[in-house]
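A.B. asks: One structure coming up, written as structure tokens, with questions to follow.
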Amino acid sequence: MSKFTSHIFIVISIAFTFNSCLREPAVEPDTYRGNFESLWKIIDTRYCYLDYKEIDWNTVYRKYSPQIDTVTSKYGLFDVLAEMLDELKDGHVNLYSSFDRSRYWNWFSDYPSNFDSKIIFNAHYLGEKYRIAGPFRYKRIASDQVGYAYYGSFSSNFSYANIQALFDNFKNCKGMIIDVRNNSGGMVTNAELLSSFFFKEKTLTGYISHKIADGHSDFSKPTPVYTIPHKTMNWDKPIIILTNRMSYSATNEFICRMKYAPNAKIVGDKTGGGGGFPLSSELPNGWMVRFSASPMFNAEMEHTEWGIDPDKKVDMNIADKLAGMDTIIEEAVKEIL
């Protein structure tokens, strides 16, 4: 097992260990009321952001409890429970049944998109003759002076050979752009691995804490999270990371790490957040609820749940968009040149 893999495995294992040690809420009957009580208790004892978000969960109980008495179907029950979960304003919170999945999307839908996939695939950028290395779509732009790579999901694995292909293709460029706009997350291990190619030394890039009891503020001592540089491949030129509000979850973690990379700069919009490590629990009727269980922080012990600010805030310009230009990519090119 590599040093990289073992480090993230330890962090994730700690999360499962702490949460598995928590006392399970009392088993409720499989009734409309029982499922409501079970869900409310799971969030009350396991969800990690009630205090941080200043959510009065008892008030939420009083708001939704009377509605359960009027429920007459599983669909009505699902809708009431989903509305209650929306009070958390968390994209990592979902209720799963055989017929529906609840979701909270306001973390990006209430903001400008700052991304147009048609534009990045036009002749100014990737065009039609771009190369593909694993999940990366890449090409030299700006008269071959800047390397540009789009990575659409941290659920997509990549190999060292894929990264080497990028570095080899961009070796004569003045800098590189990695575009993770509209990358809504995936595997944290991929976020750590990708960031490792842009560090020169082991660097503290964050912390993670875990629930140790049922109280809203019952957390373990924060565990430091380090980004460890790759042993043989390291990019030592400017690296610009492009973000928008749909840069979420594992992408948020990638940005948290890259904030501390020596030659990196984040350009675009604030990320969507998603700084809580998610876990799942089961309701009496078999429905599953996913929720943020372990808060993650940056190296200054600041929460990343609400998103991470870019080093340079840039929005897409309508005039540029009509001209087939991406304002955020153009600003990144200027930063490099």
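Bear in mind that the values in this text are calculations on the coordinates, not laboratory data. None of these values were measured; they are calculated from a predicted model. Note that each Cβ is placed from the backbone with ideal geometry, even for glycine, and that neighbours are counted across all protein chains shown.
A.B. asks: Near Lys200, which aspartates and glutamates are there with a Cα under 17 Å away, not counting those fewer than 8 places off in the same chain?
C.D. replies: Once the sequence-local aspartates and glutamates are set aside, what remains near Lys200 is Glu192, Asp236.
A.B. asks: Counting only helical runs of four or more DSSP H residues, what would the 222 nm mean residue ellipticity of the chain come to if each run contributes -39,500 (n - 2.57) and the total is spread over all its residues?
C.D. replies: Numbers: 11 runs with 110 residues, N = 337.
Counting only the DSSP helices, I get -9500 deg cm²/dmol.
A.B. asks: Check which residues have an amide H placed less than 5 Å from Ala133's amide H, if you skip close sequence neighbours.
C.D. replies: Tyr138
A.B. asks: Something else: Which entries in Lys41/Lys211; Lys139/Lys270; Lys53/Lys270; Lys171/Lys334; Lys171/Lys231 show an alpha-carbon gap greater than 21 Å? Can you show the working numbers first?
C.D. replies: On the way: Lys41/Lys211 14 Å; Lys139/Lys270 25 Å; Lys53/Lys270 18 Å; Lys171/Lys334 19 Å; Lys171/Lys231 18 Å.
Violating the 21 Å limit, Cα to Cα: Lys139/Lys270.
A.B. asks: Could you give the Stokes-Einstein D for the chain in µm² per second, using the C-alpha Kirkwood radius, 25 °C, 0.890 mPa s?
C.D. replies: On the way: Rh = 21.3 Å.
In µm²/s, the coefficient rounds to 115.
A.B. asks: Counting only residues 5 or more places away or on other chains, whose amide H sits under 5 Å from the amide H of Phe219 once H atoms are built in the peptide plane?
C.D. replies: Ile212
A.B. asks: Take peptides 122-130, 267-275 and line them up by average Cβ neighbours within 10 Å, highest first, as a rough protection proxy.
C.D. replies: Numbers: 122-130: 14.0, 267-275: 26.0.
The packing order, highest mean first, is 267-275, 122-130.
A.B. asks: On to the next question. What relative contact order, as a whole-number percentage, does the chain give when Cα pairs under 8 Å and 6 or more residues apart are counted? All intermediate terms of the calculation are to be shown ahead of the outcome.
C.D. replies: Values: 683 pairs, mean separation 65.4, N = 337.
About 19 percent, as a whole number.
A.B. asks: I'm checking a number: the convex hull volume of the Cα atoms of the range 216-337, normalised per residue, in Å³. What is it?
C.D. replies: Details: hull volume 21.6 nm³, N = 122.
Cα-based convex hull of the range 216-337, divided per residue, equals 177 Å³.
A.B. asks: Ok, one more. If you find the alpha carbon centre of the range 145-207 and of the range 57-123, how far apart are they in angstrom?
C.D. replies: 31 Å
A.B. asks: Just to be sure I understand: with springs between alpha-carbon atoms less than 10 Å apart, which residue in Asp90, Asp144, Asp214 has the highest mean-square fluctuation in the Gaussian network model of the chain?
C.D. replies: Checking each option, the largest mean-square fluctuation is seen for Asp144.
A.B. asks: Taking Cα pairs under 8 Å and at least six residues apart, what relative contact order does the range 59-208 come out at, in percent? Show your work: numbers first, answer last.
C.D. replies: Working: 155 pairs, mean separation 20.6, N = 150.
Once divided by the residue count of the range 59-208, the mean separation gives 14 percent.
A.B. asks: When the Debye formula is applied to the Cα atoms of the range 18-143, each taken as the same point scatterer, what base-10 log of I(q)/I(0) results at q = 0.14 Å⁻¹?
C.D. replies: The Cα Debye sum returns log10 ratios of -0.74.
A.B. asks: Kindly write out, for the range 258-268 in residue order, the coupling ³J(HN,Hα) from the Karplus curve 6.51 cos²θ - 1.76 cosθ + 1.60 (θ = phi - 60°), rounded to whole Hz, with x marking Gly and Pro.
C.D. replies: Along the range 258-268, the couplings run 5, 4, 10, 6, x, 10, 9, 9, 9, 10, x Hz.
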